[in-house]
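Structure first, then comments.
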Amino acid sequence: MLFFRTSAAKTGRKWLAWLLLALGIASIFHALDELSFYLEFPHLIRLNWGLPLCFGPLLYLYVRQLTEPSVKLSQTDFQHFSPYILNLLLLFPFLLQDGESKIQVLDYFTAIISRGTDIYRTYYYILHIGIAYWGWHYTLKCLPLLNNYRDRLLANYSDIEKRQLNWMQSIVYGFMGLFTLFVLSLALNLSTTYPDFDYEQYFYFGSFVLVYWMTFKSVKLEGDTLPSHAQVPTTTSTLKPAEVDTKQKDQLLEYMRTGKPYLNSELTAVDLAQALGFTRHQLSEVLNEQLGKNFYDFINTYRVDAFKSHLVNPAFANYNLLGIALESGFKSKSSFNAIFKKMTGMTPSQYKKGLSRP
């Protein structure tokens with residue numbers, strides 16, 4: 001389904017679909033990896049070798065498209081799959097052999113893991129180490145993309161609850177653990193000449209869990225990720241902090257006091273800049289250079305202060321905590337609780353109890 005959805009090309013879900021396909025093919029081969037299967041279909045022997053080399057690059061390209069949708073696919077992106085292509089070239093002499101010759105490299109004991117008895121047996125072990133290294137390499141490349149994405153969220157939005165990709169970072173760490181398990185499974189299988197249990201199945205099972213969790217979150221997110229036009233504000237100005245126009249800072253603070261734009265739960269940095277007649281870059285300089293805050297923390301500081309003020313205001317005596325929070329500009333209970341705890345070190349109810357003490 002992911003291949004045929006129109007929105008897939010925009011959100012990068014097609015990369016996720018390719019990852020699902022590669023994982024599915026590799027897992028099917030792994031499940032059928034026994035002598036009887038290969039005796040009937042000898043030309044499938046070793047055809048799946050090295051396919052996990054594609055897992056890391058496909059995961060990286062999915063995360064990149066999810067966090068940087070404006071980045072277009074280029075010819076250089078196909079270089080990510082060069083180890084897999086090299087693997088096919090190394091296997092090519094074997095793959096060209098006739099069926100009888102391929103069957104001859106298998107015997108009863110080794111067919112269960114399809115390593116065979118020729119020189120490719122050594123290559124099988126080297127390939128597994130390469131798969132783990134290539135997997136680690138690309139999962140590590142995902143982390144800066146996710147960190148940069150979060151920086152852009154904090155610089156552009158006052159509410160980031162539905163746009164966060166914390167789940168994706170957990171999945172990346174999960175894949176790092178699985179690629180470690182991939183090497184450990186090889187070591188465990190090597191500990192005995194004829195292993196009774198194939199530990200590699202844990203790798204495929206764990207991969208399926210992570211990829212299907214990614215699929216669920218991807219479909220659920222729909223359009224809640226960061227738009228392609230939202231960028232990290234540039235802060236490379238050569239001006240020293242004292243040289244930044246303090247009038248703009250005063251104008252910003254005055255507007256926050258009188259206009260109270262923070263009461264708009266959907267407020268963005270672009271909205272605030274336009275209301276002040278600033279460019280996006282000017283607002284960024286004022287926030288970062290003069291006030292030392294990102295947009296997210298700046299706006300939510302005002303919301304927390306508004307909540308505290310409303311809490312002791314008789315006009316809000318009949319409001320519950322969530323009602324006061326919504327009146328203060330917060331969008332949801334979960335985001336309010338998280339932000340309030342981060343900025344005050346206590347929950348809203350704890351803060352309220354502290355006010356009632358003599």
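The values are calculated or read from the model by the stated rules, or taken from the named source; none is laboratory data. Note that the structure is predicted; figures quoted are calculated from it, not measured. Counting neighbours? That spans all protein chains shown, and the Cβs are built from the backbone with ideal geometry, glycine included.
Does Phe182 satisfy the condition of being more than 28 Å from Gln164 (Cβ to Cβ) and either in a helix (DSSP H, G or I) or modelled with pLDDT of 85 or more (or both)?
For Phe182, the condition - more than 28 Å from Gln164 (Cβ to Cβ) and either in a helix (DSSP H, G or I) or modelled with pLDDT of 85 or more (or both) - is met.
Would you pick out the residues in the range 200-216 that are crowded, with 17+ Cβ neighbours inside 10 Å and either closer than 11 Å to His30 by Cβ or in contact with a Ser or Thr (Cβ under 7 Å, 6 or more places away or on another chain) (or both)?
Glu200, Phe203, Tyr204, Ser207
Do any helices (runs of 4 or more DSSP H) lying entirely in the range 241-358 carry at least 1 residues that are more than 31 Å from the chain's Cα centre (by Cα) and under 18 Å from Leu154 (Cβ atoms), and which ones are they?
246-258
On the given criteria, is Leu20 free of Cβ contacts under 8 Å to residues at least 12 places away in the same chain, closer than 23 Å to Leu178 by Cα and assigned by TED's automatic domain parsing to the domain that holds Val172?
No: the conditions fail for Leu20.
Need the failing condition index for Ser101 against (1) surrounded by fewer than 18 Cβ atoms within 10 Å (Cβ to Cβ); (2) touching a helix residue (DSSP H, G or I) at 6+ places or on another chain (Cβ under 8 Å); (3) at pLDDT below 90, just the number.
If we test Ser101 against (1) surrounded by fewer than 18 Cβ atoms within 10 Å (Cβ to Cβ); (2) touching a helix residue (DSSP H, G or I) at 6+ places or on another chain (Cβ under 8 Å); (3) at pLDDT below 90, just (2) comes out false.
Any residue at all in the range 26-36 that is surrounded by 16 or more Cβ atoms within 10 Å (Cβ to Cβ), in a loop (DSSP other than H, G, I, E, B) and in the same structural domain as Gln201 (by TED's automatic domain parsing)?
Yes: the range 26-36 contains one or more residues that are surrounded by 16 or more Cβ atoms within 10 Å (Cβ to Cβ), in a loop (DSSP other than H, G, I, E, B) and in the same structural domain as Gln201 (by TED's automatic domain parsing).
A quick yes/no check of all residues on (1) closer than 18 Å to Leu267 by Cβ; (2) among the polar types (S, T, N, Q); (3) surrounded by 13 or more Cβ atoms within 10 Å (Cβ to Cβ):
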| residue | (1), (2), (3) |
| --- | --- |
| Ser309 | no, yes, no |
| Phe316 | no, no, yes |
| Ser328 | yes, yes, yes |
| Gly345 | no, no, no |
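Among (1) under 22 Å from Glu161 (Cβ atoms); (2) in contact with a His (Cβ under 9 Å, 6 or more places away or on another chain), where does Phe316 come up short?
For Phe316, the failing item is (1).
Examine the range 69-84 for a residue that is at pLDDT below 85, within 24 Å of Pro52 (Cβ to Cβ) and assigned to a loop (DSSP other than H, G, I, E, B), and state whether such a residue exists.
Within the range 69-84, one or more residues are at pLDDT below 85, within 24 Å of Pro52 (Cβ to Cβ) and assigned to a loop (DSSP other than H, G, I, E, B).
With the structure loaded, tell me whether Val71 is of a type in the set (A, V, I, L, M), more than 22 Å from Phe179 (Cβ to Cβ) and within 23 Å of the chain's Cα centre (by Cα) or whether it fails that test.
Values: of a type in the set (A, V, I, L, M): yes; more than 22 Å from Phe179 (Cβ to Cβ): yes; within 23 Å of the chain's Cα centre (by Cα): yes.
Against the criterion (of a type in the set (A, V, I, L, M), more than 22 Å from Phe179 (Cβ to Cβ) and within 23 Å of the chain's Cα centre (by Cα)), Val71 qualifies.
Restricting the range 60-83 to residues that are among the aromatic types (Phe, Trp, Tyr) and touching a residue at least 60 places away in the same chain (Cβ under 8 Å), which is surrounded by the most Cβ atoms within 10 Å (Cβ to Cβ)?
Tyr62
Suppose we filter the range 154-182 for residues that are out of contact with any Phe, Trp or Tyr (no Cβ under 7 Å at 6 or more places or on another chain) and under 24 Å from Ala338 (Cα atoms); how many remain? Reasoning before the result, please.
Taking the range 154-182 and keeping what is out of contact with any Phe, Trp or Tyr (no Cβ under 7 Å at 6 or more places or on another chain), we get 159, 161-162, 164, 166-170, 172-175, 177, 180.
Those left that are additionally under 24 Å from Ala338 (Cα atoms): 159, 161-162, 164, 166-170, 172-173.
Selection size over the range 154-182: 11.
If you check every pair at least six apart or on different chains, which have Cβ atoms under 6 Å apart with a residue in the range 37-59 that is farther than 18 Å from Leu178 by Cα first and a residue that is crowded, with 23+ Cβ neighbours inside 10 Å second?
Listed pairs, sorted by first residue: Tyr38/Ile45.
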